[in-house]
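A quick write-up on the structure given underneath.
The values are calculated or read from the model by the stated rules, or taken from the named source; none is laboratory data. These numbers come from a predicted model, not from an experiment. We place every Cβ from the backbone using ideal geometry, glycine too, and count neighbours over all the protein chains shown. Surface areas here come from the heavy atoms of the whole protein model, side chains and all, with no ligands, DNA or RNA. Shrake-Rupley method; radii C 1.70, N 1.55, O 1.52, S 1.80 Å.
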Amino acid sequence: NCDSAMLFYPFYRQPKAVLSGFFYRFWRIVQYNAVTGALIYGLLLALQLVTPVPDHLNFYLVLLLEVCGMVLFFSFHDLFIYYLLQPFTEDMEVVSPLYRILYWVAWVFTQVHLSGYTYALAIGVITCIYVVAGTIVIYRVAPKTFRIRY
């Protein structure tokens, strides 16, 4: 609810302000998460010196895709929900039933058991699709839904 005080002002709810605020926050979060992702990837790459992995080029390319996918997902998802659903009130109560449904869907995906390259490719591809589709939805819907809920 970092915007709760500002949302009472009409200029802050204008489409241009909403979209610029979203993308500014998104790119800043990507920058912070990319540092963490690069450190994790670098650490795993350094482990190659200790325990070589056969077919290492494919392994590290797929691992890079997975780390990039996770950086994008964790940078995008919370902002996406925040700007579209505004799931909380000023008192931090959950008011959106869709918010609960999204987390149920996420739980269902934890029940799917993938391993190896399949898991990494699924993370990368699904995240890319989610970010592209979510960005289109943000452009069209966020200026209408970004407001205080009572």
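Please go through the stretch 99-150 and pick out each residue that is in contact (Cβ under 8 Å) with a residue 40 or more places away in the chain and surrounded by fewer than 10 Cβ atoms within 10 Å (Cβ to Cβ).
Once the filter is applied, which keeps residues that are in contact (Cβ under 8 Å) with a residue 40 or more places away in the chain and surrounded by fewer than 10 Cβ atoms within 10 Å (Cβ to Cβ), the stretch 99-150 yields only Tyr150.
Just one of Ile129, Ile81 is at pLDDT 80 or above, assigned to a helix (DSSP H, G or I) and either touching a helix residue (DSSP H, G or I) at 6+ places or on another chain (Cβ under 8 Å) or acidic (Asp, Glu) (or both); which is it?
On inspection, the qualifying residue turns out to be Ile81.
A quick yes/no check of all residues on (1) at pLDDT 80 or above; (2) over 20 Å from His77 (Cβ atoms); (3) under 23 Å from the mean Cα position of the chain (by Cα); (4) open to solvent by 90 Å² or more (accessible area, probe 1.4 Å):
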{"residue": "Ser4", "(1), (2), (3), (4)": "no, yes, yes, no"}
{"residue": "Pro10", "(1), (2), (3), (4)": "no, yes, no, no"}
{"residue": "Tyr32", "(1), (2), (3), (4)": "yes, no, yes, yes"}
{"residue": "Gly42", "(1), (2), (3), (4)": "yes, yes, yes, no"}
